[in-house]
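Notes follow the structure.
The values are calculated or read from the model by the stated rules, or taken from the named source; none is laboratory data. These figures come from a predicted structure and were not determined experimentally. Positions of Cβ are backbone-derived with ideal geometry, glycine not excepted, and every protein chain shown enters the neighbour counts.
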Amino acid sequence: MKILYVGKEEKGAVIVNHVAEEFCYGVDYTGFISTSERFISNVLGSINRYGATIIDVEDLTYSKEQIIADISKILNSGYKGRIIIKAMGYSLTSDLISGLVMAGINYGIMSLDITAARQELKNALEGKSNFNKQQIIDNPLIRTPIINPNIESNKPVLPQNKPCKLVGIAGAGNRIGTTTQAFLMTRFLLSVGIKVCYVQFNNSKFIESLANVYDNISIDTSIGKISYDGIDMFYDYKKITEILKLDYDYYICDYGNILLDNFELASYEEKNIKILVAGSKPNEILLLDKAIDKLYQKNINYIFSFTAENDKPDILEYMDTEANHCYFADYSPDMFMFNDKIQNYEKIFSIIPVTNSVNNTTENETENKKEKKKKKGFFWRK
């Protein structure tokens, strides 16, 4: 028997080749799949030659709704082999995974631990499922996806009666204020009575270092948690499945620098609320452009750090159609002390309707700006 791996060989080989050799199976790799059209031509056209198909959702860089629709087409095509989803570090609470399970996926590789991931693949090849629809229906954290047969693309319809819970925050560069913003958001949500935690979804080791800096810290090594000043912080994202079972209303997931090669792009993009932190200097705007080019989804909230007052109107003009999703952060030297503009977070998290945000302008103000010559700041100098 042969296995088709939908994704890049350099990512899948360490797990798949090891197990395939044990089962005496061959493996073919499709490589990176960037569009639905490529998925249809590269996968659907040849899938019947394979006894099992492993789909790495990290290597499908288009919308989660279309990913679910494309995989549903395989499920409905009469394909006799097993379809196995590789989504290491994901949980059933994500829209993508819960949508795939409701569409009919029964097998998944979810663990971030290599040995455990290999065992999950072995179980799948032996027909031992680790997914079922009842898990989704019974889980109160999941906005249950409903597959609508009347929609041609089989796009899942997500009920909106439950609040967003998973927040992904990333930075367009290093030392741009990403972790500071993540902590300030956590502090803000705590201040309005919401149970929230911070999850370090990067390899910075920042949270672990806090134990050497602050007193009165409590540590729970069994789940990788450090608590300080009322904030629960998790530093071992490999335990995300266990962390998501805890009773938090919101999870602030700090992904770090989006421009790094090992950035978990698909995991970040499937979060309910996505935030990208950027600087406003000329070189930092170039990094922001690179970050935006890397993103498939465009429903992003942008927070600009260290921005001069003169530059704010110009940045909003530069961001064009995304200007209504742009915010400017105050200087915050202490990330544990909330002193930022609460209007930013009220609007991002829809806590309180905001009618006069710092970054919004009226139509009359916009027209006036067009008519008068603006004072240009450093960002726009040549």
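Residue-by-condition table, conditions (1) assigned to a helix (DSSP H, G or I); (2) out of contact with any Cys (no Cβ under 6 Å at 6 or more places or on another chain); (3) crowded, with 21+ Cβ neighbours inside 10 Å:
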| residue | (1), (2), (3) |
| --- | --- |
| GLU58 | yes, yes, no |
| TYR62 | no, yes, no |
| GLY89 | no, yes, no |
| GLU120 | yes, yes, yes |
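Residues that are assigned to a loop (DSSP other than H, G, I, E, B) and polar (S, T, N, Q): does region 39-48 have at least one?
Yes: one or more hits.
Return the pair list, or none, for Cβ contacts closer than 7 Å from residues in region 307-324 that are under 17 Å from LEU286 (Cα atoms) to residues that are aliphatic (A, V, I, L, M) and surrounded by fewer than 19 Cβ atoms within 10 Å (Cβ to Cβ), at least 6 apart or on different chains.
Every condition considered, the pairs that remain are LEU316/ALA323.
Could you check, for region 253-262, whether at least one of its residues is assigned to a loop (DSSP other than H, G, I, E, B) and more than 28 Å from LEU287 (Cα to Cα)?
Scanning region 253-262, I find no residue that is assigned to a loop (DSSP other than H, G, I, E, B) and more than 28 Å from LEU287 (Cα to Cα), so the answer is no.
Tell me, which residue of region 277-318 that is among the polar types (S, T, N, Q) and assigned to a helix (DSSP H, G or I) is nearest to PHE349 (Cα to Cα)?
The qualifying residue nearest to PHE349 (Cα to Cα) is ASN310.
Condition check ((1) under 22 Å from PHE39 (Cα atoms); (2) among the basic types (Lys, Arg); (3) assigned to a loop (DSSP other than H, G, I, E, B); (4) not assigned by TED's automatic domain parsing to the domain that holds VAL19) across all residues:
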site	(1), (2), (3), (4)
ALA69	yes, no, no, no
ILE74	yes, no, no, no
SER77	yes, no, yes, no
GLY99	yes, no, no, no
GLY108	yes, no, no, no
ALA117	no, no, no, no
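Only one of these conditions is not met by CYS197: (1) hydrophobic (A, V, I, L, M, F, W, C); (2) without any contact (Cβ under 8 Å) to a residue 60 or more places away in the chain; (3) not in a strand (DSSP E or B). Which number is it?
(3)
State whether the residues of region 79-102 include one that is under 21 Å from LYS2 (Cβ atoms) and acidic (Asp, Glu).
No, region 79-102 has no match at all.
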